[in-house]
Amino acid sequence: MFGKLGLKGIVGVLLLLGGIGVVAYENPVIAAGIGLVVVGFVLTAWGLVSGLLSSFGMGGMMGGGGGFD
C-alpha cells in the first residue's frame, strides 16, 4: 500500500497524523472531530473515484466501494 503512495504521499500521511496528534495533545475531543472529518473526506473521495472508474468500465480497480452494478 505504501509503495503506491510514493514518498510525498507517505510524508503527507505522517504530517496529517502529526497534526492531529498536536491537536489531541491540547484537546482530544477536537482531534476526534478532525479525524472523523478526514475519514469522511477520504471515503467520499473513494466513492466518487470508484463511481467514475466504474462508469468507464474499470470498476474493479479500486477494490470495491461505489459503482454502478
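The values are calculated or read from the model by the stated rules, or taken from the named source; none is laboratory data. Since we're looking at a predicted model, the values are computed, not measured. Because the Cβ atoms are built from the backbone with ideal geometry, glycine has one as well, and the counts that use them run over all protein chains shown.
Kindly establish whether residue 65 is surrounded by 11 or more Cβ atoms within 10 Å (Cβ to Cβ) and modelled with pLDDT under 85. Here the answer is yes, as residue 65 does meet what is asked. Of 16, 52, all but one fail to be surrounded by 12 or more Cβ atoms within 10 Å (Cβ to Cβ) and at pLDDT 90 or above; the exception is 16.
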